[in-house]
Amino acid sequence: MKADQLHGRWAVRFTNPPPGLPERATLLLKRHAEFSESLAGTVSRSLGSAAGAPAIAGHSAMAALAGDLDEGILLLDESSDNVSITGTWNGEMKAGSCGTVYQGQWNDTSRSAAPDAPGIPFTLTKLP
């Protein structure tokens with residue numbers, strides 16, 4: 001797989017997300033403006049919609065993404081303020097999915113995150 005094969009919209013499903021992080025989100029991935037072999041994009045989610053919980057501190061409903069596909073591993077940094085990294089995405093292509101499904105963990109790296117906060121499992125599914 002090459003990074004450009006990941007361009008497009010992706011449905012996100014989190015498994016057992018913490019209060020304030022919804023189960024579902026949408027990623028938009030495209031070519032990075034400065035580094036043609038890298039990825040850029042956004043993650044959109046309705047924070048605070050999960051069981052009426054308040055939004056997770058340090059995160060926004062739309063956050064910027066930048067990263068790479070490195071030897072089959074999807075590595076994305078998320079920034080809710082376009083300055084600091086507030087989350088990281090690390091995933092691998094699901095075997096047999098032909099590049100249309102990635103699974104991994106999202107980690108909250110915002111200033112409000114607990115130092116021992118567990119990673120949140122996610123599944124990305126390519127949208128038509």
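Condition test on residue 41, is it under 25 Å from residue 1 (Cα atoms) and surrounded by fewer than 15 Cβ atoms within 10 Å (Cβ to Cβ)? For residue 41, the condition - under 25 Å from residue 1 (Cα atoms) and surrounded by fewer than 15 Cβ atoms within 10 Å (Cβ to Cβ) - is not met.
Can you pull out every residue in the stretch 10-33 that is within 18 Å of residue 104 (Cβ to Cβ), touching a Leu at 6+ places or on another chain (Cβ under 9 Å) and among the charged types (D, E, K, R)? Selection gives 13 alone.
Taking the criterion of being part of a strand (DSSP E or B) and either at pLDDT below 70 or of a type in the set (A, V, I, L, M) (or both), the residues of the stretch 45-68 that qualify are 62, 63, 64, 65, 66.
Are any of the residues in the stretch 47-57 of a type in the set (Gly, Ala, Ser), at positive phi, in contact with a Gly (Cβ under 7 Å, 6 or more places away or on another chain) and surrounded by 13 or more Cβ atoms within 10 Å (Cβ to Cβ)? For the stretch 47-57, residues of a type in the set (Gly, Ala, Ser), at positive phi, in contact with a Gly (Cβ under 7 Å, 6 or more places away or on another chain) and surrounded by 13 or more Cβ atoms within 10 Å (Cβ to Cβ): present.
I need the full set of residues from the stretch 80-104 which are part of a strand (DSSP E or B) and either touching a helix residue (DSSP H, G or I) at 6+ places or on another chain (Cβ under 6 Å) or surrounded by 15 or more Cβ atoms within 10 Å (Cβ to Cβ) (or both), in order please. If the condition is that a residue be part of a strand (DSSP E or B) and either touching a helix residue (DSSP H, G or I) at 6+ places or on another chain (Cβ under 6 Å) or surrounded by 15 or more Cβ atoms within 10 Å (Cβ to Cβ) (or both), then 87, 88, 89, 90, 91, 93, 101, 102, 103, 104 are the ones that fit.
Pairs linking a residue in the stretch 53-67 that is under 25 Å from residue 35 (Cα atoms) to a residue that is basic (Lys, Arg) and at pLDDT 95 or above, with Cβ atoms under 8 Å and 6 or more positions apart or on different chains, do not occur. For residue 75, the test of being under 13 Å from the mean Cα position of the chain (by Cα), buried (at least 18 other Cβ atoms within 10 Å of the Cβ), modelled with pLDDT of 90 or more and of a type in the set (A, V, I, L, M, F, W, C) is failed.
The condition of being within 16 Å of residue 29 (Cβ to Cβ) and out of contact with any His (no Cβ under 9 Å at 6 or more places or on another chain) holds for only one of 95, 113, 64, that being 64.
The values are calculated or read from the model by the stated rules, or taken from the named source; none is laboratory data. None of these values were measured; they are calculated from a predicted model. Using ideal geometry, Cβ is built from the backbone for each residue, glycine included, and neighbour counts are taken over all protein chains shown.
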